[in-house]
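Nothing in this text is a laboratory measurement; each read-out follows from the coordinates by a stated rule. The structure displayed is predicted, hence computed values, not measured ones. All Cβ positions, even for glycine, are placed from backbone atoms using ideal geometry, and neighbour counts span all protein chains on display.
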Amino acid sequence: MAEQQTTTKTTCPYCGVGCGVLATPLETGTVQIEGDAEHPANLGRLCSKGSALGDTLDLGNRLLHPKVDGKRVSWEQAITSVARGFSEIIAKHGPESVAFYVSGQVLTEDYYTANKLMKGFIGGANIDTNSRLCMSSAVAAYKRAFGSDTVPCSYEDIELADLVVLTGSNLAWCHPVIYQRLKQAKEDRPEMKVVVIDPRKTATCDIADLHLPVRPGSDATLFNGLLHYLKKEDYLDLEFLEAHTEGFASATSVAKASAGSIPQVAAVTELQEQDIVKFYQLFASTEKVVTVYSQGINQSTTGTDKCNSIINCHLATGRIGQPGMGPFSFTGQPNAMGGREVGGLSNQLAAHMEITNPEHHDRVARFWKADNLATENGAKAIDMFEQIASGKIKAIWIMATNPVVSLPDADKVKDALKKCELVVVSECEENTDTTALADILLPAAAWGEKDGVVTNSERRISRQRSFLPLPGEAKPDWWIITQLARKMGFETAFPFEKSADVFREHAQLSAFENNGVRDFNIAGLADISDEGYDNLIPIQWPVINKADKGTARLFSDKQFFTPSGKARMISVEPKLPYHQVSDEYPLVLNTGRIRDQWHTMTRTGRAVRLNAHIPEPMVQVHPLDAANFHLVDGSLAEIKSRWGEMIVRVVVTDEQRPGSIFVPIHWSDQYASMARVDALVAAVYDPISGQPESKHTPVSIRAY
Ligand code: SF4
């Protein structure tokens, strides 16, 4: 039997649950993976993807050396080429002519360094992240309601609730460990109720007391109807409303006008009246309610409004800031939250500050000693690639993401990158649909090789620790960005020698002239030593003082981050999705994740056991639609939209809603041609958040 080596505590690199992992490299060359029983997110559990991490660490298809125009070069030559390319374009066309497109996969230290270079020293704000596709509507809604991007709850609240409403969330497949915790809690307390609101009958419905197969896109009407019901039936917390909220009269009056009676709600949502009443009564009569929402709510042209319609119902009943209560958005990626903390979105500055807020701007500029700090918001993800297509942006650095597969209107993204003057890609993988279009390739460290922190959906900062050597010439992202910054002439602002240096500066910026006011505050970690950083145990922000153990939930003091200190109820006028079905495109295409794959499969695709779950691109179709469109289970079908087309295997299932089909997001042209579903998805987005409508594209389907 192989002798065991050292065990490292680290964090899973996949979903926003952020599970603790124990990784033990064995003498056989494999790595033993177990759940960390001491990590508060998972308490030892792992899902199929996390358990298979050890199967994904081989070096097949790893990018191991820097390359310029396909030829191997030294790091010095590669960084010089990137610096020269960016500097020349900036000198000619200004800082808005270059962009960084980053990822919820990179660590907070990577995000911080990239954000500092682009906004602070290049002087533009064209840095955005694939997290834009994941949670930006939730961010915008929290800011509107609370004056801050603050997730109020903890995972523990889900277990403490008497009613858990899951809306736009297939928790069982997309956040499996929290599903396991919820399932266990329901088994322990059978009186606990679970309501699932989802057009599809997903695996999550296995534990649902009530499933509402809502018409795609009509969620805001359902929650406006609930708000009206709570008022009409006298379930409001008047004391809380009076003392701690503003906007109630307008929000409820708009809710009444737009949603009205139960029959009106039923007509719009296409739900049974008795099911709506059952849901409303359950919500109204249960004190401890948590509403979990995710991409089914966020990925919409009205995603921000939908999130606010949910938050409104919690504010109207005062159900926030207490154990077992609150509106709880779940992030898709392991570090979508960390990106929010350091300004990874093009409309943010670091430490939850805003570019266009003069006080914030002044504070960050002084802290960074940056004379050139961007003064205007940059392009959000979809616009960024539009601007590449139009020639406004001439150079882009893509880090740890595969937009040719994952962005809506993906063929247009591909064409835009083909035309772009300079495409730099830092990646672990050598061959992806995006690296194929790169002028310069930079080999990045992968999970298990890099060091830093990530923040999960409950605001818990956890360490990702290295337990494997860096292969070839691969380097951590923060290191690569630092070298570029120095080469571009910003040596003194980028003194970082290790990830702890970056984290310390990030925490010090959070503490700088903060006085405990801002929501994101890790002042208590500002003086963290290298040893303290190495040994950092998972902790939920805010962490105001050195001795703090973190903050499980916010707003228990009923004080919000708005100027008045009151939460804002937002008047939401529901709108249906931007594109509606037609004779030519009669079905709604819904996209999402499957249980055993992650994003574009560059990592999970290596694990044989994960590929066994659903082995090829597929479309789920209701039997009525299968009959209408002459589709046979197991045969191939061609799906077309106004933007693109694909070929997939047909799965006929009554778990699908009639009129709506579901295709997973994972497969790429690396698997087969015409396998990218995002080639079909319209690049329309929420005007407030910039999040695209990935759940509602009109399509046609025919047997292939
Ligand atoms: Fe990883 Fe998410 Fe699974 Fe946890 S639930 S093991 S974080 S993929």
The range 559-704: translational diffusion in µm²/s, Stokes-Einstein, Kirkwood Rh over Cα pairs, 4 °C, 1.567 mPa s: 77 µm²/s
In whole angstrom, the spacing between the Cα centers of the range 268-347 and the range 2-81 equals 32 Å
Would you please give the residues with an amide H less than 5 Å from that of Glu429, counting only those at least 5 places away or on a separate chain, with H modeled from the backbone geometry? Leu63
Which value in nm describes the separation of the simple spin-label points at Asn611 and Glu38, placed 7 Å from the Cα toward the beta carbon? 3.7 nm
Residues whose modelled amide H sits under 5 Å from the amide H of Tyr578, counting only those 5 or more places away in sequence or on another chain, are Thr301
Calculate for the chain the 222 nm mean residue ellipticity that helices alone would give, adding -39,500 (n - 2.57) per DSSP H run of length 4 or more and normalising by residue count, nearest 500 deg cm²/dmol. -8500 deg cm²/dmol
Would you mind classifying the range 137-330 by shape? Square roots of the alpha carbon gyration tensor eigenvalues, ordered a ≥ b ≥ c; an a/c under 1.5 is rounded, otherwise it is prolate if a/b is larger than b/c and oblate if not. rounded
3J(HN,Hα) from dihedral phi, the range 33-43, Karplus parametrisation 6.51/-1.76/1.60, rounded to Hz, x for glycine, proline: 10, 9, x, 8, 5, 8, 7, x, 6, 10, 6
Using R₀ = 35 Å, calculate the FRET efficiency as 1/(1 + (r/R₀)^6) where r is the Cβ-Cβ separation of His93 and Arg702; round to 0.05. 0.15
Pairs of alpha-carbon atoms within less than 8 angstrom and 6+ residues apart define the contacts here; what relative contact order does the range 365-432 have, in percent? 34 percent
The long-range amide H neighbours of Thr653, using H built 1.01 Å from N in the peptide plane and a cut-off of under 5 Å, are Val621, His622
Could you give the spread of the C-alpha atoms of the chain along their three principal axes, from largest to smallest, in whole angstroms? 68, 62, 62
Could you state the number of Å between the C-alpha centres of the range 578-623 and the range 393-423? 22 Å
Nearest-5 percent of antiparallel DSSP beta bridges in the chain? 45 percent
Links that overshoot a 22 Å alpha carbon limit, given the list Lys9/Lys549; Lys392/Lys412; Lys369/Lys475: Lys369/Lys475
Estimated inter-spin distance, Lys558 and Lys71, nm [label 7 Å along Cα→Cβ]: 7.1 nm
With just the Cα atoms defining each centre, how far is the range 192-227 from the range 154-176? Give it in Å. 12 Å
Going by how many other beta carbons lie within 10 Å of each one, how would you line up Asp275, Asp633, fewest first? Asp633, Asp275
Only Cα pairs under 8 Å and at least 6 apart count here; give the relative contact order of the chain as a rounded whole percent. 20 percent
Karplus ³J(HN,Hα) for the range 526-537 (6.51 cos²θ - 1.76 cosθ + 1.60, θ = phi - 60°; Hz, whole; x = Gly/Pro) runs 5, 9, 4, 7, 4, 5, x, 5, 4, 9, 3, 8
Fewest to most neighbouring Cβ within 10 Å: what's the order for Leu226, Leu631, Leu282, Leu64? Leu64, Leu282, Leu631, Leu226
Taking 0.36 nm per intervening residue step and subtracting the Cα-Cα distance, what contour gain separates Glu376 from Glu287 on full extension? 27.7 nm
Among the aspartates and glutamates, which fall within straight-line cross-link reach of Lys380, defined as a Cα-Cα distance under 12 Å, with same-chain neighbours fewer than 8 residues apart omitted? Asp128, Asp686
Phi-derived 3J(HN,Hα) across the range 151-164 with the Karplus relation (6.51, -1.76, 1.60, θ = phi - 60°), rounded Hz, x for Gly and Pro, is 7, x, 9, 10, 4, 4, 4, 5, 6, 7, 6, 9, 9, 10
Taking Ile158, Ile89, Ile481 and counting other beta carbon atoms within 10 angstrom, the fewest-first order is Ile89, Ile158, Ile481
Using 0.36 nm per residue, how much length does the chain from Arg649 to Val632 gain when fully extended, once their Cα-Cα distance is taken away? 5.2 nm
With both partners inside the range 587-703, how many of the DSSP beta bridges are antiparallel, as a percent to the nearest 5? 60 percent
On a full-extension model of 0.36 nm per residue, what is the gain between Ile544 and Lys640, subtracting their alpha-carbon distance, rounded to one decimal in nm? 29.3 nm
In nm, give the distance between the simple-model label positions of Gln184 and Ser261, each being 7 Å from the Cα along the Cα-to-Cβ direction. 4.7 nm
Residue pairs, from the table Lys143/Lys546; Lys116/Lys419; Lys183/Lys546; Lys487/Lys546; Lys278/Lys695, whose Cα atoms sit over 30 Å apart: Lys183/Lys546; Lys487/Lys546
